[in-house]
Amino acid sequence: MVEIIVFFLYLGCLILIGALAGRRSSSTAEEFLLGGRSLGPAVTALAMKASAMSGYMLIGAPSFAYNSGWHALWYAVGDLGGVITNLSVLGRRMRRLSEILGCLTPIEYLEKRYESPTVRIVGSFITVVALSGYTFAQFISAAKTMATMFGFNYVFAVILGVVVILIYTSLGGYLAVAWNAFFQAMVMVFGVVILLIVALIKVGGLTKLNLALAQIDPTYLSIWGKGLQYKGQWGMIVGAILIYAIGYMGLPHAVVRHMSMKSSETAKSALMYSLIWGVLFIYSPYILGLMGIILFPNLEDPELVIPIMAKQLLPGFIASLVLIGILAAILTTADSILTTQAFILSRDVYQRFMNPSATEKQIIWTSRLLLIVMGIIGAIVAIYQPPGVFWLVIFAFGVTSNSFLVPYIAAVYSEKANKYGCLAAMISGGGITFFWTVLKLDETTGLHPYFAGLIISIICYFVFNSFGPKPSESIVEAVRRARGVAVHKLPRGVEKGIARSLAPESEAITEFLNSRKAMEEY
């Protein structure tokens, strides 16, 4: 009974935050789609990490560790690195360039930067289709957690989770998603850390954990996975690290956080908040999965290791907070993806190609309608339960990230990046990752699907970019401004000549000022 009360109070808080956000973000499209570009460093950092963690971290990650041993932590190593790379590589520059170009969605940003409607069409298609798998995984995770937590019927649990998400996202738009993500990030880290401490005490610490694992199967301790499944396959190890170390920079629902920051300087402080949160949270679910091997050796569904562990090791009220932390990880990713998909469809498809004269109110209401439609589709698919959460997330994450990673980075680091290079990187990166996974080429090549897709995406970008047209002067100027480089109004040769001509006068003035200062001091 206590767990149910705490759970519904939590759902009430989410809806309340959505309603309060709606009072501030329903007047203009920029407010509804980007929160008015008003988010500070703490909200930016925690919303970015919480929306990226997803049900994978508390359902899929422990399950993978339960099945493969310490090998699973390669993904955690990359994940902590991703905390740093996303904000430090893209944060400030993307924030500046998106405002200079007047963009409200991450796909509109690509079209304007690469000056191509085709980029917008292809980008919208990839985002909506590829991220759908991510959404399905979140709904499955949420339903499994609620079924374990309260004994709810699986179908009822899916519907309940979707309805709550749709209520607060349609009320408050992006601002509701960001503030709810901040709130849920705090719940997530609190619940996981408490459970980790209790579970470590139960098994006697990491040393006793490893001794117990070695008695069951020594390969649990190997970097190659249980049964040495990936022995010698460094391509799999590198891919496991890279998918999260750099992968977040290719996720539209993650990079949109850069666009919503109050200013480009927000990224500096956000990096510290994000790193602290990551250190506390990221490794914990994997270690809990390892402890689950010892505590629950005959578990039928390893994806439920954390919910079951919480219920058996913690008092009712604390257990409910841990389980709510799982739901927080799931819902905050699901709402971020749903809003990203809906906003892209409303702004980048409906307004751009179907109704160019749409008013801001029409855009907002179209976004709300699309949110509901996408939520219903996601719920229907989740009820039929596609593959396991871990591999579903890895698949969707890899395809989406490799589609956009190179274009997003090139957009702010290369003045020569053009639409041909962008399209080639998008299509080849996502396509190779898709087919590499479906055809299980990693088993024959020893190369992780993400690593394979990344390599091909980079190669195709450089090859096709050399054939494309040069960006316009206005885009080159915008990229330079985003990089903090002074825009040259005069030809470089003339400017250098002027600098050389003025050098003697500058030196004379400096000497005069220094001598005068010396006389005054004397």
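Total residues in the stretch 436-466 satisfying the condition of being modelled with pLDDT of 90 or more and either closer than 15 Å to LEU405 by Cα or loosely packed, with under 15 Cβ neighbours inside 10 Å (or both): the figure is 13. Only residues that are part of a helix (DSSP H, G or I) and either surrounded by fewer than 21 Cβ atoms within 10 Å (Cβ to Cβ) or in contact with a strand residue (DSSP E or B) (Cβ under 8 Å, 6 or more places away or on another chain) (or both) were counted in the stretch 365-385, giving 10.
Checking TYR248, TYR230, TYR283 one by one, the residue that is at pLDDT 85 or above, of a type in the set (Phe, Trp, Tyr) and either in contact with a strand residue (DSSP E or B) (Cβ under 8 Å, 6 or more places away or on another chain) or assigned by TED's automatic domain parsing to the domain that holds GLY133 (or both) is TYR283 and no other. When ILE409 is tested against the conditions (1) surrounded by fewer than 23 Cβ atoms within 10 Å (Cβ to Cβ); (2) of a type outside the set (Asp, Glu); (3) within 30 Å of SER88 (Cα to Cα); (4) over 23 Å from the mean Cα position of the chain (by Cα), the lone failure is (4).
Right, LEU200: out of contact with any Lys or Arg (no Cβ under 8 Å at 6 or more places or on another chain) and over 29 Å from LEU323 (Cα atoms) or not? Give the derivation first.
Details: out of contact with any Lys or Arg (no Cβ under 8 Å at 6 or more places or on another chain): yes; over 29 Å from LEU323 (Cα atoms): no.
Answer is no for this residue.
Of all residues in the stretch 1-25, those being modelled with pLDDT under 75 and out of contact with any Phe, Trp or Tyr (no Cβ under 8 Å at 6 or more places or on another chain) number 4.
Would you call THR28 over 28 Å from GLU303 (Cα atoms) and either surrounded by fewer than 17 Cβ atoms within 10 Å (Cβ to Cβ) or at pLDDT below 80 (or both)? Steps first, answer last, please.
Details: over 28 Å from GLU303 (Cα atoms): yes; either surrounded by fewer than 17 Cβ atoms within 10 Å (Cβ to Cβ) or at pLDDT below 80 (or both): yes.
So THR28 passes the test.
Would you confirm whether or not the stretch 431-443 contains a residue that is closer than 30 Å to GLY484 by Cβ and among the acidic types (Asp, Glu)? Let's see the steps before the verdict.
Filtering the stretch 431-443 down to residues closer than 30 Å to GLY484 by Cβ leaves none.
Within the stretch 431-443, not a single residue is closer than 30 Å to GLY484 by Cβ and among the acidic types (Asp, Glu).
Tell me, which residue of the stretch 273-304 that is outside any helix (DSSP H, G or I) and not acidic (Asp, Glu) is surrounded by the fewest Cβ atoms within 10 Å (Cβ to Cβ)?
Initially, the stretch 273-304 is screened for residues outside any helix (DSSP H, G or I), giving 282-283, 296-301.
This time we only want the ones that are not acidic (Asp, Glu), so: 282-283, 296-299.
Details: ILE282: 26, TYR283: 18, PHE296: 16, PRO297: 10, ASN298: 4, LEU299: 16.
Filtering the stretch 273-304 for residues that are outside any helix (DSSP H, G or I) and not acidic (Asp, Glu), the one surrounded by the fewest Cβ atoms within 10 Å (Cβ to Cβ) comes out as ASN298.
Being part of a loop (DSSP other than H, G, I, E, B), in contact (Cβ under 8 Å) with a residue 24 or more places away in the chain and buried (at least 24 other Cβ atoms within 10 Å of the Cβ): is that true of ALA417 here? For ALA417, the condition - part of a loop (DSSP other than H, G, I, E, B), in contact (Cβ under 8 Å) with a residue 24 or more places away in the chain and buried (at least 24 other Cβ atoms within 10 Å of the Cβ) - is met. Consider GLN312 carefully, then state whether it is part of a helix (DSSP H, G or I), over 26 Å from HIS253 (Cβ atoms) and among the polar types (S, T, N, Q). Considered against the rule, which asks whether it is part of a helix (DSSP H, G or I), over 26 Å from HIS253 (Cβ atoms) and among the polar types (S, T, N, Q), GLN312 comes out as yes.
Candidates are the residues of the stretch 183-207 that are within 24 Å of LEU33 (Cα to Cα) and crowded, with 21+ Cβ neighbours inside 10 Å; the one that is farthest from the chain's Cα centre (by Cα) is GLN184. If only residues of the stretch 246-265 that are part of a helix (DSSP H, G or I) and touching a Ser or Thr at 6+ places or on another chain (Cβ under 6 Å) are counted, the one that is nearest to ILE100 (Cα to Cα) is MET259. Is it the case, given these coordinates, that ALA478 is under 30 Å from TYR230 (Cβ atoms), in the same structural domain as ARG96 (by TED's automatic domain parsing) and out of contact with any Lys or Arg (no Cβ under 6 Å at 6 or more places or on another chain)? Spelling it out, it is not the case that ALA478 is under 30 Å from TYR230 (Cβ atoms), in the same structural domain as ARG96 (by TED's automatic domain parsing) and out of contact with any Lys or Arg (no Cβ under 6 Å at 6 or more places or on another chain).
The values are calculated or read from the model by the stated rules, or taken from the named source; none is laboratory data. This is a predicted model, so every value here is computed, not measured. FYI the Cβ positions are ideal-geometry reconstructions off the backbone, even for glycines, and counts take in every protein chain you see.
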